[in-house]
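Read the figures in this text as sums done on the coordinates, not as results from a lab. Just so we're clear, the structure is a prediction, and the values are computed from it rather than from any experiment. Positions of Cβ are backbone-derived with ideal geometry, glycine not excepted, and every protein chain shown enters the neighbour counts.
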Amino acid sequence: MAPLTPDQQRIRDRVELGIRLASPALDLVLAVGDRVSRLVERNRLGDGDLRAPTTVGAGGRRPARRALPPGFERAGRERDPAARR
């Protein structure tokens, strides 16, 4: 590779300085993105992972559970009706 001209060296030094100055901010962006993706993945509902609402409705009672379409079951329950006792 041919040696850099003084003008090319000056441009290269400026780009490297810009990268060094931006590095902490870019690291922060990556860390925040990683944290957000983990939270989203943890809160994502799967096919068999339906959860009942946890908020308390009017009168201090939980809202009624809605019926599920055929083929879906609530988390922690067996599909076999004989298993429910």
Computed lengthening from Leu17 to Asn43, 0.36 nm per intervening residue step minus Cα-Cα distance:
5.4 nm
In the neighbourhood of Glu41 defined by beta carbon distances under 12 Å, the net charge of the other residues (Lys, Arg +1; Asp, Glu -1) is +3
